[in-house]
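Novice: Here it is: the structure, laid out below.
Each value in this text was obtained by applying a stated rule to the coordinates, not by laboratory testing. A quick note: this is a predicted structure, and the numbers were derived from the prediction, not measured. Neighbour counts run over all protein chains shown; Cβ positions are idealised from the backbone, glycine included.
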Amino acid sequence: MYGRMEKGGSGLGGAGIGRVRLRAVVRAAPSARRPWRVLSPRRRPNGLWVCPLDSHFFGQIVGTREALLHLGAWFRMAGISPHSVVHVPTGGPRPRGVPWYGPSETSVDLVVMRRDVGMRASAWPGVRRSLPGGRPVTLRPPQARTALPYEPLPPGTDGLVLAEHGRTLLVSGPAPVLLRAGDVISAVGEAIASDSHVHRRGYAHIGALTPLLREPGTTRRGLELLVMGADPRFHKKTRQPGTDGE
């Protein structure tokens, strides 16, 4: 569905997630300024949801372990690609049993790109409608590096910018910050298996991209983008009395 993980060491404290290979489709999207391309997964990812920004500019990314590990790889792919826009389709009903704060009950798509690609966020709906057929490729993004789930932005560093157009959340920023955001998302994905809240409830807010935003949540605007792990495989449901034969 997503791709495959090569065996080997991981940048997340030796957790062993290895290097992710992404099965993708590439589509040419020439512009008047310079040619660029759109990269997308070959199939819509399972277990990944993006909450649309609410009136307080609060958003969240929700995913299973596998979905977040691969989404982190897509962020890193965008970070090393000055001529690529990464489009991850996630539209669909909100996940059941998980807190959802958006103005709509439906997940929105996600676009990630370096700021120097040159595509205006508001141009995305027209670009998407005009995309030609693509060709399959296999991508090898950088391996995840060690990151904290709430990784701070280095002083003096320009941060990520969020915009929403055509039921798509667009994330743009400098290459190093996109790479770091990918590391944070992968770190959240890796932490799901051992998180006690996930064990009890099936979901938990484990990390955030808020510290990497140009306008962090400490401003009056209140901009936030949280990352939630939600994976039923690691939900240790409480055993009901009598279910063990007593």
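Novice: Please list, in order along region 174-186, the HN-Hα scalar couplings obtained from phi with the Karplus expression 6.51 cos²θ - 1.76 cosθ + 1.60 (θ = phi - 60°), rounded to whole Hz, x for Gly and Pro.
Specialist: x, 3, x, 6, 5, 4, 5, 4, x, 5, 5, 4, 5
Novice: List, in order, the whole-Hz ³J(HN,Hα) value for each residue of region 93-106 obtained from phi through the Karplus relation with A = 6.51, B = -1.76, C = 1.60 and θ = phi - 60°; use x for Gly and Pro.
Specialist: With coefficients 6.51, -1.76 and 1.60, one gets x, 4, x, 6, x, 10, x, 9, 10, x, x, 10, 7, 10 Hz.
Novice: What are the residues whose amide H is under 5 Å from the amide H of L213, where those residues sit 5 or more places off or on another chain and H is modelled from the backbone?
Specialist: Under 5 Å from the amide H of L213 lie the amide H atoms of L160, each far enough along the sequence or on another chain.
Novice: While we're here: What is the antiparallel percent of DSSP beta bridges lying wholly in region 3-234, to the nearest 5?
Specialist: Rounded to the nearest five, the antiparallel share is 65 percent.
Novice: So, counting K/R as plus one and D/E as minus one, what does the shell of residues with Cβ under 14 Å around R65 add up to?
Specialist: On the way: positive: R233; negative: E66, E190, D195, D231.
Result for the local shell: -3.
Novice: Then there is this: Taking amide hydrogens as modeled 1.01 Å from N in the peptide plane, which residues meet the under 5 Å criterion relative to L225, leaving out close sequence neighbours?
Specialist: Correct list: G59, L209, T210.
Novice: Please compute the modelled spin-label separation between H199 and R42, points set 7 Å along Cα→Cβ, answer in nm with one decimal.
Specialist: Label-label distance for R42 and H199, simple model: 3.7 nm.
Novice: Another question about this same structure. Around L179, what is the net charge, scoring Lys/Arg as +1 and Asp/Glu as -1 over all other residues with Cβ under 12 Å from its Cβ?
Specialist: Net local charge, L179 excluded: +2.
Novice: Report the residues of region 177-199 in range of a label on Y101: point 7 Å along Cα→C-beta, backbone N strictly under 11 Å from it.
Specialist: none
Novice: Sticking with this one: Relative to 2.2 N^0.38 Å, what does the C-alpha radius of gyration of region 3-234 come to as a ratio? Two decimals please.
Specialist: Rounded to two decimals, the normalised Rg is 0.94.
Novice: Among residues other than H165 whose Cβ falls under 15 Å from its Cβ, what is the net charge (Lys/Arg +1, Asp/Glu -1)?
Specialist: On the way: positive: R120, R128, R129, R167; negative: D109, E164.
For residues surrounding H165, the net value is +2.
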